[in-house]
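A short write-up of the structure that comes next.
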Amino acid sequence: MHSEKRLSTKIDANVPTAARMYDHYLGGKDNYAADRAACEELDKVVPSTRRLAVNNRRFLQRVVRTLTQEYGIRQFLDHGSGLPTQDNVHQVAQSIDPTAHVVYVDNDPMVLVHGRALLEQDERTTVIHADMRETDAIFSHPDTQRLIDFSQPVAVLFNSVFHCIPDSETDGPAAVVERVKERLAPGSYLLMCQLVSEDAEVREFVTNFMDQATQGHWGRVRQEKDVEALFDGLDILPPGLVEVSTWRPDNEVAPRQLTQEWIEFGGVARLP
């Protein structure tokens, strides 16, 4: 694997990134005109994307709260964490137990800059600059080693990120998940979800559009069956693999994904 080809420390305001587009959809300010323009073009074909991004963020927060409160998890490894926004993983977990440890991983240099500034005051949380496919580098990183005890259960988060990497026998989502599972203690948890569509035209349009917009830093929109395959051999927590706004909603009037041209699909599972 060649991380030097994947990782850049230069912030290019003219090329959209998934992290900055997501930030724009969530109402953040850490994005550029190119990111906003890409979102506008995307909305013409998949107009539910802003709601989808908001629902996905709320799903992440519910998962972290559930794993901390109900399952006793105190350490989190968040792949492709994106730009800091409100109620980040460490804030949700530490609101329940202030001793919770969180390692964020992202390949976007802007995430590193903003994340480190935000987390300077928090010795239990760090951001490392790495590609989510670089499992060895992530797990052996001094900050990961300092904050996470892999002899104990860990929650590993792949929240809305697998569509950002192409299929590959060595580096595709399935290969990454297998490498991560090998390093985890029994009783660890994995959150995995990604953008899916059962509409071939939507899959083709969004995959091509995002690949062009991000200059190749994209994988593809997949189908539900592709996500289901990632959970083989794991004990899936109720309510199973679902459109994420329906995963243990806070209440009956919680926002739901209303349109189905594409959805965020996945769930949480335990390593037996």
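The values are calculated or read from the model by the stated rules, or taken from the named source; none is laboratory data. None of the values given here were measured: they were computed from a predicted structure. With ideal geometry, Cβ positions are generated from the backbone for all residues, glycine too; neighbour counts draw on all protein chains shown.
Applying the selection to segment 36-57, what residues are touching a residue at least 24 places away in the same chain (Cβ under 8 Å), under 18 Å from VAL196 (Cα atoms) and of a type outside the set (D, E, K, R)? Show your work before the answer.
Initially, segment 36-57 is screened for residues touching a residue at least 24 places away in the same chain (Cβ under 8 Å), giving 38, 41-42, 45-57.
If we keep only those that are under 18 Å from VAL196 (Cα atoms) too, we end up with 42, 45-57.
Across segment 36-57, the qualifying residues are LEU42, VAL45, VAL46, PRO47, SER48, THR49, LEU52, ALA53, VAL54, ASN55, ASN56.
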Open item on the list: For segment 208-242, which positions are outside any loop (DSSP other than H, G, I, E, B) and at pLDDT below 95?
Closed with: ASN208, PHE209, MET210, ASP211, GLN212, ALA213
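Which one of ALA185, ALA213 is of a type in the set (A, V, I, L, M), touching a residue at least 24 places away in the same chain (Cβ under 8 Å) and exposed (fewer than 13 other Cβ atoms within 10 Å of the Cβ)? Reasoning before the result, please.
Details: ALA213 fails: exposed (fewer than 13 other Cβ atoms within 10 Å of the Cβ).
Going through ALA185, ALA213 in turn, the sole match is ALA185.
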Task: Evaluation of VAL176 against (1) of a type in the set (A, V, I, L, M); (2) buried (at least 19 other Cβ atoms within 10 Å of the Cβ); (3) out of contact with any Lys or Arg (no Cβ under 6 Å at 6 or more places or on another chain) (one fails), failing number - done: (3)
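I'd like to verify a number: residues in segment 96-155 that are among the acidic types (Asp, Glu) and either surrounded by 15 or more Cβ atoms within 10 Å (Cβ to Cβ) or in a helix (DSSP H, G or I) (or both), how many?
The initial filter retains those residues of segment 96-155 that are among the acidic types (Asp, Glu), namely 97, 106, 108, 120, 122-123, 131, 134, 136, 143, 149.
Adding the requirement that they be either surrounded by 15 or more Cβ atoms within 10 Å (Cβ to Cβ) or in a helix (DSSP H, G or I) (or both) leaves 106, 108, 131, 134, 136, 143.
Residues in segment 96-155 being among the acidic types (Asp, Glu) and either surrounded by 15 or more Cβ atoms within 10 Å (Cβ to Cβ) or in a helix (DSSP H, G or I) (or both): 6 in total.
Would it be correct to say that LEU52 is under 26 Å from ASP211 (Cα atoms) and either of a type in the set (Phe, Trp, Tyr) or touching a strand residue (DSSP E or B) at 6+ places or on another chain (Cβ under 8 Å) (or both)?
Working: under 26 Å from ASP211 (Cα atoms): yes; either of a type in the set (Phe, Trp, Tyr) or touching a strand residue (DSSP E or B) at 6+ places or on another chain (Cβ under 8 Å) (or both): yes.
Criteria met by LEU52.
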Task: Residue in segment 74-86 that is touching a strand residue (DSSP E or B) at 6+ places or on another chain (Cβ under 9 Å), closer than 26 Å to VAL177 by Cβ and β-branched (Val, Ile, Thr) present - done: no
